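Just so it is clear, none of the values below were taken in a lab; they were calculated from the coordinates. None of these values were measured; they are calculated from a predicted model. Here the Cβ positions follow ideal geometry from the backbone for every residue, glycine too, while neighbour counts run over all protein chains shown.
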Amino acid sequence: MEDGSSTNPSRRQILATAALTGAASVAGCSSLVDDAGVGNSGATDVVVHSLASTPKALPLTISGPNAESPHTSRTLELAPGDVIDPVNGSKLPSNTSEYTIKMTAEDGSRETFEWADPTAELAPLWGQVDDTQNIRFLLQAE
């Protein structure tokens, strides 16, 4: 009689491991300085990762406190497995005391992350969407 347990990892465990491996590999990149002098000079990353098996359209906004307009506002077109920098290849200045990041799934469910301490030591912030329309935010400490 089988007990239903398995030593083989589930699909979710494999995807979670892949996401964490990808996060760890990107973490070292944030210490690099680009042509504009951004890197360890007080800027941070936001990364969106699709864990879904089908393409997703995901509206995203990133706003600072008391801002007249969002820092970033766009709809991300994510293919399965895509990892996208929604800030158009740049970084968010960490001299702002906080950011509000909002992502909306295709079914209308919305998730908001209040990033109260966006210092370079806490970068990057990962947003993930899966097949069930779940949106998660994961803050990776460096």
Notebook entry, point to check: Using the Cβ atoms and a cut-off under 15 Å, what net charge is assigned to the surroundings of I135, where Lys and Arg are +1 and Asp and Glu are -1?
Noted result: -3
Checklist line | Stretch gain in nm, segment T72-L138, where the contour uses 0.36 nm per residue and the Cα spacing is subtracted | finding: 21.9 nm
Next item on the list: Under 11 Å from the Cβ of A52, count the other residues' Cβ atoms, weight Lys and Arg +1, Asp and Glu -1, and hand me the total.
Entry: -3
Notebook entry, point to check: With labels modelled as points extended 7 Å from the Cα through the Cβ direction, what inter-label distance (nm, one decimal) is found for A79 paired with E98?
Noted result: 3.8
